[in-house]
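Engineer: The structure follows.
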Amino acid sequence: MLSCVVDTKTDAQGNQLHVRQLETASKMETLNDAPIKCHEIFKALPDQQRRIRVVLTNGVAGVGKTFSVQKFTLDWAEGSENQDISLLVLLSFRELNLIKDEQYSLLMLLHDFHPTLKKVTAEKLAVCKVLFIFDGLDESRLSLDFSNRDVVSDVSQKSSVNVLLTNIIQGNLLPSALVWITSRPAAANQIPPACVDRVTEVRGFTDAQKEEYFRRRSSDEELSRRIISHIKTSRSLHIMCQIPVFCWISATVLEHMLTTEQRGELPKTLTDLYSHFLLVQTKRKKHKYNEGHEMSPQELMKADREVLLKLGRLAFEHLEKGNIMFYQKDLEQCGLDVTEASVYSGVCTEIFKRESVIFQKTVYCFVHLSIQEFLAAVYMFHCYTERETRELRTFLGQDYKHWDSNPEPFIQKFFMYFVNNNMSYPSLDVLLKDAMEKSLQSKNGHLDLFVRFLHGLSLESNQRLLGGLVGQTENRPDIIQRAINNLKKINRDDISPDRSINIFLCLMEMNDRSVHQEIQEFLKSGNRSEKRLSEIHCSALAYILQMSEEVLDELDLKKYNTSKEGRRRLIPAVGNCRKAVLMSCSLSEISCASLASALKSNHSHLRHLDLSENKLQDSGVKLLCGFLESPHCRLETLGLSSCSLSEISCASLAYLD
């Protein structure tokens, strides 16, 4: 029985949907919350009264969302599962993008995308049980406006594709139809929570499955053992191997390094690993193409370099826009000839793929979002090291004139500011500082991994590894130290605690272990209240506690000698404790969203939560209630004394009883 202490006062209203990061998700595999089987995704739990009509499934890139959809579809088609569904309609957003500017009725959409449904009439649709699967919301170039009042209720009525989809999801069109949407986390907030009956998550490989992957990949048991052992020594690599495609990248690099005469330390950071991956693919393809073509290694290197930089430009320009699918015109705008790329650069086939979709049109994408983010960072670093104004102007377009008001891409603002004002070229620490500021402004964190790669590329070892691809910077120790100090000094209350952890991870990419070591010493010390923790210390501590295999008995933020912002940065650690005391922590709306994310990752451990003396807004209480409503919630006491709760918040809490 949950006991709750509250008081009521008027407070502000708001709303925010926060999606957990991959690092948070990796802890969830050890928890005891019951998974939902793929074929039971629309089945209500025993204590759920309402019907499950719309399901939103999210998961990071490459984790297996589309595979889950395909498995569901195959089981249905073979007659083994969900036979109460009369008609299953699978529509991918990469295909829907091709008709985004056209007018369609639902019947026309079905007939064009699935010709076998030509005989399906409006009358048949009205009486049969339909399931719509919209796969890959993150790939969408449609503008889904759920505030649009254009109501479509007739399957023969024409409208724009985005209006058609929003009406299906909202239930205006075929209200009895089931809807399943898959998305990467950053794009999931396009669907209003009020439209979704169930949110599920695909988590990828468990620790046991990671090891099984590496053992099955190689018949050499000793090689598999060494790879698994190395992966476990690096927390970043171990977490990322939750994603199947990342296991492939890691195995490709480590197998090559451990079975050749290549010397040097095995990669421990993401930047180091991806730099080696690019190098391994280039070497492999040079060997392959040298056997069949009369091209010198120098010519192949030049071809690889040109194609990789063009791919890098494509990756960067579209990463800023949030695009992960590309069309022929996108490639042409970056000077990329697909035929040339396929013939001369075998690297391209390993990191970039093409797919034929509806109407025999072709789309392109990187094999994984992290490869796009890495190549985007490589390209930006290349632009920086080249220092050629002519090339920059060609890429950047018109001169930048309005620094504050013109919302041009970051790279244009950065370079043209210096070029147009005849200022001396900025040092590397300035580039990294501005890139970090840009990433922190992103609401969904779509530049977080990109900026981690960018900091990793500042190291001379990675620049040397990539050779002429990125060029060399003036790696003076004082410049690198300034970049490190800039990261440690960041202190802002307008970014979520989860996002602040990325600042610490950027330090790790730069091989600066000082903060990590200081926190390790702090955890070993007897009297922890004597040590003053900076904000970056708190981000590091939150990350370490969050990722720890041991569950913390109590997390009392008041016991830590730090600032209010420092305490807020510790919030993600709530996801791995039994009792959390967050009294008088000045929790903002952003902090509440981070807390809600941590609570969702802690369905089995947390028993006591004290939020007293925080001015909680309605949006924060709403997010909290989302956790309390979960059948996996094991909370026994909740302290809300002196929280200035409004009538709306109290009503939300009362509804839970």
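Engineer: Which one of these is surrounded by 16 or more Cβ atoms within 10 Å (Cβ to Cβ) and at pLDDT below 85: Glu255, Glu265, Glu261, Glu201?
Structural biologist: Exactly one residue qualifies, and that residue is Glu201.
Engineer: Among helices (runs of 4 or more DSSP H) lying entirely in segment 159-257, which contain 1 or more residues that are among the small types (Gly, Ala, Ser)?
Structural biologist: 207-217, 221-233, 235-240
Engineer: Sticking with this structure for a sec: Where the second residue is surrounded by 13 or more Cβ atoms within 10 Å (Cβ to Cβ) and not basic (Lys, Arg) and the first is free of Cβ contacts under 8 Å to residues at least 60 places away in the same chain and farther than 10 Å from Val179 by Cβ and lies in segment 44-55, which pairs have Cβ atoms under 8 Å and are six or more apart or on separate chains?
Structural biologist: Ala44/Ile52
Engineer: If the requirement is being crowded, with 24+ Cβ neighbours inside 10 Å and in contact with a strand residue (DSSP E or B) (Cβ under 7 Å, 6 or more places away or on another chain), which of these qualifies: Ala580, Ala598?
Structural biologist: Unique residue meeting the criteria: Ala580.
Residues are listed down the side, and each one gets a yes or a no for (1) surrounded by 15 or more Cβ atoms within 10 Å (Cβ to Cβ); (2) at pLDDT below 80; (3) at negative phi:
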position	(1), (2), (3)
Tyr327	yes, no, yes
Asp330	yes, no, yes
Gln333	no, no, yes
Thr349	no, yes, yes
Ile358	yes, yes, yes
Ser370	yes, no, yes
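Engineer: Now, a different point. Evaluate segment 605-621: report whether one residue or more is in contact with a strand residue (DSSP E or B) (Cβ under 7 Å, 6 or more places away or on another chain), basic (Lys, Arg) and closer than 21 Å to Arg492 by Cβ.
Structural biologist: Yes.
Engineer: Between a first residue in segment 102-119 that is on the phi > 0 side of the Ramachandran plot and hydroxyl-bearing (Ser, Thr, Tyr) and a second residue that is modelled with pLDDT of 90 or more and part of a helix (DSSP H, G or I), which pairs have beta carbons less than 8 Å apart while being 6 or more apart in sequence or on different chains?
Structural biologist: none
Engineer: Yes or no: Asn602 under 19 Å from Leu555 (Cα atoms) and at pLDDT below 80?
Structural biologist: Spelling it out, Asn602 is indeed under 19 Å from Leu555 (Cα atoms) and at pLDDT below 80.
Engineer: Another question, then. Quick one: would you say Glu222 is without any contact (Cβ under 8 Å) to a residue 40 or more places away in the chain and either more than 20 Å from Phe113 (Cα to Cα) or not acidic (Asp, Glu) (or both)?
Structural biologist: Yes: the conditions hold for Glu222.
Engineer: Test each condition in (1) at pLDDT below 65; (2) of a type in the set (Ser, Thr, Tyr); (3) surrounded by 14 or more Cβ atoms within 10 Å (Cβ to Cβ) for Ser296 and report the one that comes out false.
Structural biologist: The number of the failed condition is (3).
Engineer: Additional query: Of everything in segment 631-644, what is farther than 10 Å from Asn614 by Cβ and either part of a loop (DSSP other than H, G, I, E, B) or of a type in the set (A, V, I, L, M, F, W, C) (or both)? Give them in sequence order.
Structural biologist: Pro631, His632, Cys633, Arg634, Leu635, Glu636, Leu638
Engineer: Follow-up question, since we're still on this one. Just the residues that are under 29 Å from Ser461 (Cα atoms) and in a loop (DSSP other than H, G, I, E, B), please, taken from segment 489-509.
Structural biologist: Ile490 - this is the single residue of segment 489-509 that is under 29 Å from Ser461 (Cα atoms) and in a loop (DSSP other than H, G, I, E, B).
Engineer: With the structure loaded, tell me whether Asp33 is surrounded by 13 or more Cβ atoms within 10 Å (Cβ to Cβ), at pLDDT below 50, of a type in the set (D, E, K, R) and over 19 Å from the mean Cα position of the chain (by Cα) or whether it fails that test.
Structural biologist: Against the criterion (surrounded by 13 or more Cβ atoms within 10 Å (Cβ to Cβ), at pLDDT below 50, of a type in the set (D, E, K, R) and over 19 Å from the mean Cα position of the chain (by Cα)), Asp33 qualifies.
Engineer: Give me the pairs: first residue in segment 578-594 and at pLDDT 90 or above, second residue β-branched (Val, Ile, Thr), beta-carbon distance under 8 Å, and six or more apart or on different chains, which are they?
Structural biologist: Here the result reads Arg578/Val551; Ala580/Val574; Leu582/Ile571; Leu582/Val574, each pair linking segment 578-594 to a residue that is β-branched (Val, Ile, Thr).
Engineer: Further question: Which one of Asn172, Asn162 is surrounded by 13 or more Cβ atoms within 10 Å (Cβ to Cβ), over 27 Å from Lys321 (Cβ atoms) and of a type in the set (S, T, N, Q)?
Structural biologist: Asn172
Engineer: Something else about it: I want to confirm something. Restricting to segment 60-102 and keeping residues that are of a type in the set (Gly, Ala, Ser), at pLDDT 85 or above and over 17 Å from Thr166 (Cα atoms), which single residue is surrounded by the most Cβ atoms within 10 Å (Cβ to Cβ)?
Structural biologist: Here the residue is Ser68.
The values are calculated or read from the model by the stated rules, or taken from the named source; none is laboratory data. All figures in this text were calculated on a predicted structure; none of them were measured in a lab. As a convention, Cβ positions derive from the backbone with ideal geometry for all residues, glycine included, and neighbour counts pool all protein chains shown.
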